[in-house]
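Okay, structure first, notes after.
The values are calculated or read from the model by the stated rules, or taken from the named source; none is laboratory data. Nothing here was measured: the structure is a model prediction, and the numbers come from that model. Cβ placement follows ideal geometry from the backbone for every residue including glycine, while neighbour counts extend to all protein chains displayed.
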Amino acid sequence: MSLVLSNVRLLLNSLRKNDWYITAFDFSFNKHDYVVIFEDLREIDKGDEYYAVLLTFIDKADNTRILSTYANSYDFKKKGQEIMDFFGINPTSYSKMPFWSLYSSLNAAMPTEYHPLDQKFKKLVVTIVDQRDGSKGFCCYKIARNGKTSNGRQKYRTAQNTAKTKLLRSSLFNLIGHENVSFYNRKENELSDAEILSNFGKIDRR
């Protein structure tokens, strides 16, 4: 079976090499323009036996038109009428392979390597990351060391926590971004880097 979405694997591997899990890019198909959110599925729900990424398509002309589907290098998990309706695919125009043009066009638009997010995507990606993180907000106020699980295993910061902090508080992350600390956010009243580090130092000395 042809790897019509071969760039899925290339981009996913690049994300993992860069210790990242989410990115975005533009995509046009059937006279509609979309932003595509590309996420490493293992970082949001531990993945699927056959599908490694989650793709979310957001129509630029109507951001309430959204479609999400698992995907791999071969196809989407979602198929059938839902896909055809969303992308305006007329099956009679595509013979026995109605999704081939969609997959080919998407693969051509998909980057093969991760690069820092364009500014135009940053707000949207941060919003998606916050949703994955439980909608805790964007105001960082605390750092804490990660403890251990009940069976003694070390806990680690989530990919969402890393992404949110790198995107919103890069200076703070660069100061103390080692993997055994996590960053805590709330809806309002963020603290400065100096305040957060000072409070962290006081707790750490206890």
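Does the range 159-186 hold any residues that are under 22 Å from Tyr114 (Cβ atoms) and modelled with pLDDT under 90, and which are they?
Across the range 159-186, the qualifying residues are Gly177, His178, Glu179.
Can you tell me which residue among Arg157, Arg132 is of a type in the set (Lys, Arg) and either at positive phi or buried (at least 17 other Cβ atoms within 10 Å of the Cβ) (or both)? Reasoning before the result, please.
Details: Arg157 fails: either at positive phi or buried (at least 17 other Cβ atoms within 10 Å of the Cβ) (or both).
It is Arg132.
Would you pick out the residues in the range 2-46 that are more than 24 Å from Asp85 (Cα to Cα) and in contact with a Gly (Cβ under 8 Å, 6 or more places away or on another chain)?
Leu41
Considering only residues that are surrounded by fewer than 12 Cβ atoms within 10 Å (Cβ to Cβ), basic (Lys, Arg) and in a strand (DSSP E or B), which ones fall in the range 144-154?
From the range 144-154, those surrounded by fewer than 12 Cβ atoms within 10 Å (Cβ to Cβ) are 147-154; that's our starting set.
This time we only want the ones that are basic (Lys, Arg), so: 148, 153.
Of everything in the range 144-154, just one residue is surrounded by fewer than 12 Cβ atoms within 10 Å (Cβ to Cβ), basic (Lys, Arg) and in a strand (DSSP E or B), namely Lys148.
Can you give me the number of residues within the range 49-64 that are farther than 16 Å from Ile128 by Cβ and loosely packed, with under 15 Cβ neighbours inside 10 Å?
The number of residues fulfilling the criteria is 4.
So if I check each of Phe200, Phe173, which one is more than 30 Å from Phe29 (Cβ to Cβ) and in contact with a helix residue (DSSP H, G or I) (Cβ under 6 Å, 6 or more places away or on another chain)?
Numbers: Phe200 fails: in contact with a helix residue (DSSP H, G or I) (Cβ under 6 Å, 6 or more places away or on another chain).
Among Phe200, Phe173, only Phe173 is more than 30 Å from Phe29 (Cβ to Cβ) and in contact with a helix residue (DSSP H, G or I) (Cβ under 6 Å, 6 or more places away or on another chain).
Give the range 100-120 a look and list any residue that's touching a helix residue (DSSP H, G or I) at 6+ places or on another chain (Cβ under 7 Å) and not in a helix (DSSP H, G or I), or say none.
Residues satisfying the conditions are Met110, Pro111, Thr112, Glu113, Tyr114, Leu117.
Could you please find all residues in the range 127-148 being in contact (Cβ under 8 Å) with a residue 24 or more places away in the chain and not charged (D, E, K, R)?
Ile128, Val129, Gly137, Phe138, Cys139, Cys140, Tyr141, Ile143, Ala144, Asn146
Confirm whether Phe200 is touching a strand residue (DSSP E or B) at 6+ places or on another chain (Cβ under 7 Å) and either assigned to a loop (DSSP other than H, G, I, E, B) or within 23 Å of Val125 (Cα to Cα) (or both).
No.
Within the range 144-162, restricting attention to residues that are hydroxyl-bearing (Ser, Thr, Tyr) and under 24 Å from the mean Cα position of the chain (by Cα), which residue is farthest from Leu12 (Cα to Cα)?
In this case the residue turns out to be Tyr156.
Tell me, which residue of the range 26-48 that is exposed (fewer than 14 other Cβ atoms within 10 Å of the Cβ) and under 18 Å from the mean Cα position of the chain (by Cα) is farthest from Asp130 (Cα to Cα)?
That would be Asp26.
Can you name the residue in the range 121-143 that is among the hydroxyl-bearing types (Ser, Thr, Tyr) and not in a helix (DSSP H, G or I) and, of all such residues, is nearest to the chain's Cα centre (by Cα)?
For the range 121-143, the residue satisfying everything is Ser135.
Ile89: buried (at least 17 other Cβ atoms within 10 Å of the Cβ), aliphatic (A, V, I, L, M) and modelled with pLDDT under 90, yes or no?
yes
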